[in-house]
Amino acid sequence: MTRADARFVAVAILSGVAISYMSDFRIFLATGAIITAVIARSLGFLYADTRMVSLCQMSLAGVGGWTVGWLTLNTGVPVEVALLLGGVAAVPVGVVVGLPALRLRGVDFAVVTLGFAAAIQVAVFNRGFPGTRTNFTVPRPSAAVSEVRFLWLALVVAVLLELGLRLLRRRSVGIRWALVGKSERATAAAGHSVVVAKLTAFAASAFVAGTAGGLLAIQIGRLSARQLEPFDSLVVFALTAMAGSASALGAALAGVLSSWMPELLRLLGWSQDIGPMIFAVGAAQVLSQGGSGIAGQWLALAARFGRRRAERQPDRPDIGHCPPPSVRMSGLMVEDLAVDYGSVRAVDGVSAEVRPGEVVGLIGPNGAGKSSLVDAVTGYVPVSGGWVGLGPDPLMGMPAHRRIRSGLARTFQRERTPTNLAVGQFLAVAGRNRTSVSQRDWLLALFDLPAPVTAIAQLDSAERRRLELVAAFSSAPSVALVDEPAAGLTDEESGRLGSALRAVTEEWGVGILLIEHDLRLVRQVCQSLIVLDRGVVIAAGPTQQALADPRVMASYLGVEGESP
Amino acid sequence: MSSAKPPVLAVRDLVVVRGGVPVVRRVTLEVGTSEVMAIVGPNGSGKTSMLEAVSGVVKASGGSVALHGSDITRASRRRRSRLGLGHVRQGRAVFSDLSVEENLRVAARDTDPAYEMFPELRARSGTPARELSGGEQQMLVLARTLIARPSCLLIDEISLGLAPTVVRRLTGAVKEAARAGAAVLLVEQYTSVALDVADVVSVLVRGETVLSERADVLREDPRELQRAYMGAAADAAGK
Amino acid sequence: MIRSLAASLGSGAAYALFGVCIVLVYRLTGTLNFAITAVGAVGAFTMLVLVETGTAIVAAAAVAVAMGAAIGALMGTLFATWFRDSERLTRSTVTIAVLLGLLAAGFRVFGDNPRVARPFFGGRFEEIAGVRVTYDTAMAVLVALAVGTAASLVMHRTRVGIRLRAMAEDPVTAEVDGVPVGGLTVAVWGVSGAIAALGAILVGPSRPAAFAPLVFLLLPGLAAALAGRFSRVWTTLGTGFVIAFLEAHSGRFSDISRYRGTIPFLFILGLLLWQRRAESWDDAR
């Protein structure tokens, strides 16, 4: 448990104590607020981490509530166990709902989830919840019959769910959610399956929502379809977006707003239908300030007061040597590779070899097909012909993340580090336990990056680009394909980058295929060059020799009348 | 220039910040009527960001931009366009779902001048722009910008990935526009193209102007340009 | 079968029109408008109230459409001024809030009780192949087709349409090329509000007119728009009619009638997944 966790538990307990002194009716309202907060949290983390929008969260809660009702009505399962099983039952449903997310994104996916909410409404909920006909109500656990005790039960369940969520989000499985939300390509580049990352996130979200639904069923005795309309899922989504989707604080705020707004209006003697209108204006006002919601704005404000500058590692005069990871290094072979985009041939019969410990430069003017070649080798675009292999093993036909797992690594021209993570978290998922902590720290020192606890959001763009390199090397790859790491660097920075790249190849025997426009860096680190122009290799060989080739100068400077 | 009339485009101490990093650092330049200035520099040197700050695609973080003497640093993109600014954006910015004729009609009602400029577009006027070749797309974008008759023309990497013959056609149209009175500021990766079309060439490295010289001087002796552009590598390769 | 078809045409026209509104606003301005049926419902109820107080039905309908256009344009102004640089999702979330606000306002002004929507043509009908088709139904279908045709014509035959499509593809480049992006955004929202009011008026006579159920027609509208991938007007229009037909037809078989709400959803989901079966990434290189 971290200090933040302890703080969270303390706040929860204090709130519980304070609420316990209220009237039964208000305690009932507060319990409702907690349950809504849990549902808000289930969709909030899903969106904040993975950028998937679920507009069916009330339906998933309904599945949990339905299950709890059915179990207590038809079996002798104690209600506490039924509550747990309610959450479990929502998981497969959530996974099924999440499946379309593998192909559909953004609004398409959001509307599909809303469609699911409508479908389950008519197919299941409208036919009545278990016990509707016999007027059966779900019993409360014998230890939590009174409103106060049930409040504490709900609070304990909510706190446990939040702690569980925090635990997951600190581990590889949860860190991958943040990674997939930032970029599917980067997830695959870290050697992880996009499918697994998305579905586990949806499963966790469904479990949390399902458990909340179970709590709701127990609190009020029996759910009715009217509480779980697709429309209610829309409302809870908008409410969460306004309150702040990224934090438990935002979720709590969403719960309080939904349960206490009617009570507040009653106290003020105002008509109840003013509530939604206030909400509409408030939400528009809050969201026009950005998408982070009220809690996001508060937390940003608080962070400004307590801001810590990125913690630098203590001075490192001598970075020294580092023993190589105990991984067998093999060479990359590319034979006669071709890539077509529609009718345009971007890569046309390119062959290349990168041996362990060797740095091969891949240069050529913009649009020459360099990045397409890297995409094809790492499995990001389909190839039209040719062969790619690592050592004796062919890589053809493998999805991108499995090629990475076989010993490739790559970075992108456009930096894709997950800004919602800390440096160490990112390296933990990218490294996949293939390097030790001391090896990781050596890499960080080598590339002049701050301590692992530093938030990536605090790094500038040059640091993020270097971090992407460290992430690539932290999996101890046989060959790393590196796309323009020196773009936008000063001379001095570029020189330091070159030394660092050389150190990794010399100490660990990693092979590098380096796409670069900065010819100074190319001369500094590359043993040999491949020069591409319009998808074709126009020169290849030792660096000096290739750079002196008149065709290379011509293609770079656009001099006309190039020799055949 | 000693005349009291302000230059068509005047950029002073322009700063552009992207992702917290200054990519254009206090660039100052002026372009007058019928003048062509070329900015060259390696990838990531801030050329595109500079043009985009002039046309309002990105916000300037410091400095000022003036068109015909009036300050447009904070003006909307549409207002800049109405004041006579034209911007050929990087990467063949055709509207790919629109046909050639429709692309042209976005900018002006009378599309004939475009077909006079590039007659091959006429045969393809009904073709969706995405189906054009790279050269035709770049012709389309240039023509679309030119038929709005801008008095100040910004062009980003007109030669990108195109064959030399196509590039000559494009630069020909740019020179023609300059002869007709437009001030032209173009950004290039290829020094040869820049030297061919420009009156003045500036080299931008890491967001700062490191060299600014008349093109005819540089044509006589391109070594200074190569050194500024490619650094040590060019020297070594030239030996 | 033919009976189901005839019975579904009125609803189909409304679904189609709501779908088209969603498509127009999403494609051209990048906001998924969850409030569209609420805007339409405010228009339709304005008309009902006017008719009850003795206004001529056609005049009342004209006021209702103008009302829809005004609310739409107001929302468009809101989005063009405050949410210009917001993410798509944030903008779309705001429309959910607007939906809630309109719903509450609608309850307050128009009450919760169903009102009687008088048919335009006094219930007159023709028998075609033994099936009654009312004049109102025929008009609804014609209006839907006319809106679809008008949208296509404007988008492809006029300069405004060309500029709208340019704006949809790349608003920044369009603005650099002199397209008045802000003004066009407001116009698109206004037109969509007017169409939504039309849809809500036309569906009126075919079912009891209460405010909330009218607003909930958002779902079939969204489903139709989804099938059109939020960009194709005619696919959306056609799917609106198909959904209404499937609902009406599956009502005839008691075994599946209780699942009928799920059929359009499954149908569209399958269609979409098949269209995108090739593996693709979330963003360009």
Check your understanding: Within the stretch B:67-75, is there a residue that is within 12 Å of another protein chain (Cβ to nearest Cβ) and assigned to a strand (DSSP E or B)?
Key -> no
Revision key, fill the gap. Quick count over the stretch A:229-271, residues being within 9 Å of chain C (Cβ to nearest Cβ) and part of a loop (DSSP other than H, G, I, E, B), is 2
Revision key, fill the gap. Among residues of the stretch C:147-176 being of a type in the set (D, E) and closer than 16 Å to B:A129 by Cα, the residue least open to solvent (accessible area, probe 1.4 Å) is C:D170
Exercise for review: Could you give me the residue pairs with C-beta distances under 6 Å whose first residue belongs to the stretch B:195-212 and is modelled with pLDDT under 85, whose second residue is assigned to a loop (DSSP other than H, G, I, E, B) and surrounded by fewer than 17 Cβ atoms within 10 Å (Cβ to Cβ) wherever it lies, and which are 6+ apart or on separate chains?
Suggested key: B:R206/A:T490
Check your understanding: Just one of A:V156, A:V148 is within 25 Å of A:G32 (Cβ to Cβ), touching a residue at least 40 places away in the same chain (Cβ under 8 Å) and away from every other protein chain (no Cβ under 12 Å); which is it?
Key -> A:V148
Study note, to complete from the structure: Residue set A:M1, A:M52, A:M22; condition aliphatic (A, V, I, L, M), surrounded by 14 or more Cβ atoms within 10 Å (Cβ to Cβ) and either in contact (Cβ under 8 Å) with a residue 12 or more places away in the chain or part of a helix (DSSP H, G or I) (or both); output residue A:M52
Practice item. Enumerate the pairs (first residue in the stretch C:108-132 and among the basic types (K, R); second residue anywhere and surrounded by 14 or more Cβ atoms within 10 Å (Cβ to Cβ) and in a loop (DSSP other than H, G, I, E, B)) with beta-carbon separation below 7 Å, excluding pairs fewer than 6 apart on the same chain, so at least 6 apart or on different chains. Key: C:R108/A:D273
Exercise for review: All but one of (1) closer than 23 Å to A:L46 by Cα; (2) of a type in the set (S, T, N, Q); (3) at pLDDT below 90 hold for A:S271, so report the exception by its number.
Suggested key: (1)
Review point. Mind checking which pairs have a first residue in the stretch B:132-150 that is within 10 Å of another protein chain (Cβ to nearest Cβ) and a second that is in a loop (DSSP other than H, G, I, E, B) and charged (D, E, K, R), Cβ under 8 Å, 6 or more apart or different chains?
Key: B:G134/B:R92; B:V141/B:R89; B:V141/B:R92; B:R144/C:D177; B:T145/C:D177; B:A148/C:D177
**Study point:** Candidates A:N135, A:N126, filtered to the one that is open to solvent by 50 Å² or more (accessible area, probe 1.4 Å) and within 14 Å of another protein chain (Cβ to nearest Cβ)
**Key:** A:N126
Practice item. Grab the helices (runs of 4 or more DSSP H) fully contained in the stretch A:371-454, keeping just those with 3 or more residues being more than 21 Å from A:D483 (Cβ to Cβ). Key: A:423-431, A:437-446
Practice item. Pull up the stretch A:505-524, narrow it to residues that are within 14 Å of chain B (Cβ to nearest Cβ) and under 30 Å from the mean Cα position of the chain (by Cα), then point me to the one that is surrounded by the most Cβ atoms within 10 Å (Cβ to Cβ). Key: A:E516
Check your understanding: Can you tell me which of B:S64, B:S49, B:S55 is facing chain C (nearest Cβ under 10 Å), polar (S, T, N, Q), in contact with a strand residue (DSSP E or B) (Cβ under 8 Å, 6 or more places away or on another chain) and open to solvent by less than 60 Å² (accessible area, probe 1.4 Å)?
Key -> B:S55
Exercise for review: Tell me which of these B:M117 doesn't satisfy, since it passes every other one: (1) open to solvent by 30 Å² or more (accessible area, probe 1.4 Å); (2) touching a strand residue (DSSP E or B) at 6+ places or on another chain (Cβ under 8 Å); (3) in contact (Cβ under 8 Å) with a residue 12 or more places away in the chain; (4) more than 14 Å from chain A (Cβ to nearest Cβ).
Suggested key: (2)
Check your understanding: Just one of the numbered conditions (1) in contact (Cβ under 8 Å) with a residue 12 or more places away in the chain; (2) open to solvent by 60 Å² or more (accessible area, probe 1.4 Å); (3) closer than 30 Å to A:A422 by Cβ is not true of A:L99; which one?
Key -> (3)
Study note, to complete from the structure: Every listed condition ((1) free of Cβ contacts under 8 Å to residues at least 24 places away in the same chain; (2) under 35 Å from the mean Cα position of the chain (by Cα)) holds for A:V68 save (1)
Check your understanding: How many of the residues making up the stretch A:442-456 are under 19 Å from A:S172 (Cα atoms) and either within 14 Å of another protein chain (Cβ to nearest Cβ) or surrounded by 19 or more Cβ atoms within 10 Å (Cβ to Cβ) (or both)?
Key -> 3
Review point. Under 8 Å by Cβ, and 6 or more places apart or on different chains, what pairs join a residue from the stretch A:249-262 that is surrounded by fewer than 23 Cβ atoms within 10 Å (Cβ to Cβ) with one that is at pLDDT 95 or above and aromatic (F, W, Y)?
Key: none
Point to revise | Tally, over the stretch A:79-119, of residues that are more than 8 Å from chain C (Cβ to nearest Cβ), more than 19 Å from A:T200 (Cα to Cα) and among the β-branched types (V, I, T) | key: 2
Check your understanding: For A:I218, which of the numbered conditions (1) within 12 Å of chain C (Cβ to nearest Cβ); (2) buried (at least 23 other Cβ atoms within 10 Å of the Cβ); (3) of a type in the set (V, I, T) fails to hold?
Key -> (1)
Check your understanding: Does A:A209 qualify as being at pLDDT 90 or above, part of a helix (DSSP H, G or I), of a type in the set (A, V, I, L, M, F, W, C) and open to solvent by less than 10 Å² (accessible area, probe 1.4 Å)?
Key -> yes
Exercise for review: Name the one entry in A:R133, A:R166, A:R226, A:R185 that is assigned to a helix (DSSP H, G or I) and without any contact (Cβ under 8 Å) to a residue 40 or more places away in the chain.
Suggested key: A:R226
Review point. Which one of these is facing chain A (nearest Cβ under 7 Å) and either open to solvent by 10 Å² or more (accessible area, probe 1.4 Å) or not in a helix (DSSP H, G or I) (or both): C:A61, C:A73, C:A105?
Key: C:A105
Practice item. Could you tell me whether the stretch A:534-542 includes any residue that is modelled with pLDDT under 90 and surrounded by fewer than 18 Cβ atoms within 10 Å (Cβ to Cβ)? Key: yes
Practice item. Please note which helices (runs of 4 or more DSSP H) are completely contained in the stretch C:168-285 and include at least 3 residues that are modelled with pLDDT under 75. Key: C:254-257, C:262-275
**Study point:** Whichever residue in the stretch A:407-428 is among the small types (G, A, S) and without any contact (Cβ under 8 Å) to a residue 40 or more places away in the chain and, among such residues, is nearest to the other protein chains (Cβ to nearest Cβ)
**Key:** A:A422
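The values are calculated or read from the model by the stated rules, or taken from the named source; none is laboratory data. Keep in mind that what you see is a predicted model, and the values were worked out from it rather than measured. Here Cβ is always computed from backbone atoms with ideal geometry, including for glycine, and neighbour counts include all displayed protein chains. Only protein heavy atoms, including side chains, enter the accessible area calculation; ligands, DNA and RNA are left aside. Shrake-Rupley method; radii C 1.70, N 1.55, O 1.52, S 1.80 Å.
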